[in-house]
């Protein structure tokens with residue numbers, strides 16, 4: 001078990017070692033470890049070695065000049081200058097919130113970035129300012145649109161954070177696919193098959209092969225098949241791609257560069273990196289904030305109080321992650337052996353101490 | 001077969017007969033028949049008698065005073081004054097586009113409205129002005145969130161329209177459920193079962209009973225079950241409900257009033273009607289419009305050109321509706337017997353001619 005503060009400190013040291021500025025190394029480690037705290041293990045410290053590989057491949061600029069390249073009072077395109085997405089995204093969210101402060105809402109499309117960690121982190125930044133936050137990002141193509149044999153979309157997640165009064169905030173954060181790719185990695189490690197409806201094989205047939213995506217197959221959009229609405233999951237992923245990639249001038253569709261996970265690394269990257277889209281809306285741009293937040297408590301109460309299937313609860317988006325965070329922020333975070341190994345290697349390389 | 005112009009004229013006459021202002025009767029008929037033209041038969045003239053029932057029940061104001069009740073440069077709440085959603089939504093979209101013209105984007109949450117027809121129509125209004133349009137609406141509760149026995153959300157659709165250069169526009173328009181309720185009505189008429197993954201029964205179990213929603217069951221969110229991501233469809237429907245209902249001060253969750261379809265009519269309505277959320281973003285608030293539209297052509301080309309499963313095509317969101325519109329705008333629109341009957345009754349009641 002590792003305390004979050006320990007992992008944050010280690011992560012910060014690694015980012016400093018590749019040349020990040022101190023305040024950005026700190027921010028990036030905060031964002032990365034928030035994933036481990038919230039139970040999204042696939043997007044946390046397990047990826048630290050991947051960010052270092054991006055750096056090794058010349059795809060990561062540790063001292064980026066993150067700047068607005070075009071703007072109106074409520075919109076902007078931000079160029080991340082190939083900085084860590086973990087740093088670019090919170091800065092872009094700050095710009096969105098500044099615009100919202102002035103004109104009610106702010107919407108920022110980002111180019112020249114890379115993996116930004118968990119979408120929810122950035123959306124939740126808006127909560128501190130009585131705003132609704134929204135975040136999305138495109139990603140390397142792993143998903144086959146309905147009836148396609150080719151992979152053209154990433155898992156393209158969306159996060160929306162909404163403040164409440166006495167209740168904890170509503171935080172939806174989900175990929176536009178039936179499942180995240182991380183679910184397959186777990187099954188691969190255990191040598192187990194996947195449920196039908198998660199992936200298709202190279203011929204476009206539904207498959208239980210948990211290695212399908214590696215052998216010419218693809219992840220299925222949310223909805224799994226046409227009869228159950230996969231064209232809607234495809235549409236959702238497409239919207240994320242257009243807002244993040246096309247609107248910013250970043251790469252989009254099949255051209256989004258891969259994150260540096262083993263097996264999905266490409267030697268070359270064209271275009272302007274990965275794209276994100278971030279937005280903030282001031283609650284009182286619509287209604288008095290307290291009226292709204294009271295109604296959010298009522299909304300949450302109605303859903304939490306619904307009659308449930310035996311043995312289950314009706315959860316509010318954000319409940320599972322918050323419950324895990326409550327436990328892990330006290331008891332610590334358990335890391336898998338391969339992750340511990342990758343961190344030990346980083347420790348050795350950069351001469352940083354790390355307790356195995 | 002009926003020509004769209006004939007059905008539009010008839011619809012306009014009916015709206016005039018219940019006291020709508022001429023220009024609003026014309027607009028409402030335009031919006032309603034656009035659904036029939038685009039192949040969304042459930043949201044077109046089949047619902048005309050329902051709007052009249054809303055009027056008969058005192059839930060529809062034929063001469064509404066649609067106005068902004070609160071605003072910032074990029075946001076507003078609009079009160080629809082219980083007018084036809086078919087009229088309220090385009091007016092709200094106009095306000096969103098005016099704001100986008102001035103400050104880059106405009107976002108309008110609407111209260112005191114009712115059914116607004118097809119979401120896509122309103123989103124597509126933005127295309128004429130080189131803007132991206134977005135529309136959503138909440139609706140009466142037919143959907144059981146993941147693990148819930150209670151129905152707490154409507155089919156809560158989202159539409160996003162994006163202009164391209166030479167290619168036709170990208171128009172995604174989909175409910176946040178596995179299927180629209182209309183699919184069940186078709187099966188009910190034919191006495192056929194439904195596929196698993198569309199609805200649950202009163203005990204929360206997956207069912208093939210196409211009458212399940214009428215007998216204590218509920219529609220399933222997009223994703224169908226937890227293993228295939230139903231919590232994501234639930235999250236999406238929840239976002240639509242919060243943006244449309246809570247942000248505007250309209251009804252939300254289980255309190256959204258039913259549309260006047262037989263079997264789902266309630267005697268009373270509390271709160272401030274149904275809620276919508278509409279937005280517009282100027283393309284050149286982000287990038288030069290021509291650069292963006294060229295990239296959209298490239299995006300569309302990549303997806304349309306993907307290798308497809310044998311016997312299928314990879315479609316762009318908006319393709320199916322546009323293809324149907326191309327046919328129906330020439331060959332006309334076929335109406336089902338019960339729809340023809342309901343129109344004949346309206347014709348008789350209001351002394352308007354109608355060719356059976």
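Nothing in this text is a laboratory measurement; each read-out follows from the coordinates by a stated rule. For clarity, every value in this text was computed on a predicted model and none was experimentally measured. Ideal geometry is used to build each Cβ from the backbone, glycine not excepted, and the neighbour counts take in all protein chains shown.
Worth a mention:
- All Cα pairs of the range B:179-219, percent lying beyond 12 Å: 47 percent
- Here residue A:186 yields copy-to-copy label distances, from shortest upward, of 3.6 nm, the label point defined as 7 Å from Cα along Cα to C-beta.
- Calculated diffusion of the range A:136-204, Stokes-Einstein form, Kirkwood radius summed over Cα pairs, 37 °C and 0.692 mPa s, µm²/s: 233 µm²/s
- Helix-only [θ]222 nm of chain A, DSSP H runs n ≥ 4, -39500 (n - 2.57) each, per residue, nearest 500: -11500 deg cm²/dmol
- The convex hull built on the alpha-carbon positions of the protein assembly as shown has an orientation-averaged projected area of 28.5 nm².
- Stokes-Einstein D for the range A:2-45, Kirkwood Rh over Cα pairs, 4 °C, 1.567 mPa s (µm²/s): 128 µm²/s
- Sorted shortest first, the separations between the residue B:65 label point and its copies elsewhere in the assembly read 5.6 nm; each point sits 7 Å from Cα along the Cα-to-Cβ line.
- Tensor-based shape of chain A (alpha-carbon gyration tensor, a/c under 1.5 rounded, otherwise prolate or oblate): rounded
- Over the Cα atoms of the range A:124-262, the radius of gyration divided by the Kirkwood radius equals 1.03; this is the Rg/Rh ratio.
- Fewest-first ordering of B:70, A:43, B:122, B:9 by other beta carbons within 10 Å of each residue's beta carbon gives B:9, B:70, A:43, B:122.
- Treating each Cα of the range B:1-130 as one equal point scatterer and applying the Debye formula with no solvent, the log10 of I(q)/I(0) at q = 0.18, 0.20 Å⁻¹ comes out as -0.96, -1.13.
- Debye equation applied to the C-alpha atoms of the range A:293-342, log10 I(q)/I(0) at 0.17 Å⁻¹: -0.71
- Taking other C-beta atoms within 10 angstrom as a stand-in for reagent exposure, A:290, A:81 fall in the order A:290, A:81, fewest first.
- Taking one quarter of the surface of the C-alpha convex hull of the range B:195-254 gives a mean projected area of 4.3 nm².
- When DSSP beta bridges are restricted to pairs lying wholly in the range A:45-195, around 75% turn out antiparallel.
- FRET E, pair residue B:21, residue A:350, Förster distance 56 Å, beta-carbon r, rounded to 0.05: 0.20
- Rotational relation B to A, axis-closest Cβ in chain B, residue and distance rounded to whole Å: B:74, 2
- A point 7 Å from Cα along Cα→Cβ stands in for residue B:101, and the other copies hold the same point at 3.0 nm, listed in rising order.
- Exposure proxy order (Cβ contacts within 10 Å, fewest to most) of A:82, A:59, B:111, B:349: B:349, A:59, A:82, B:111
- Stokes-Einstein D in µm²/s, Kirkwood radius over Cα pairs - the range B:219-336 at 37 °C with 0.692 mPa s viscosity: 173 µm²/s
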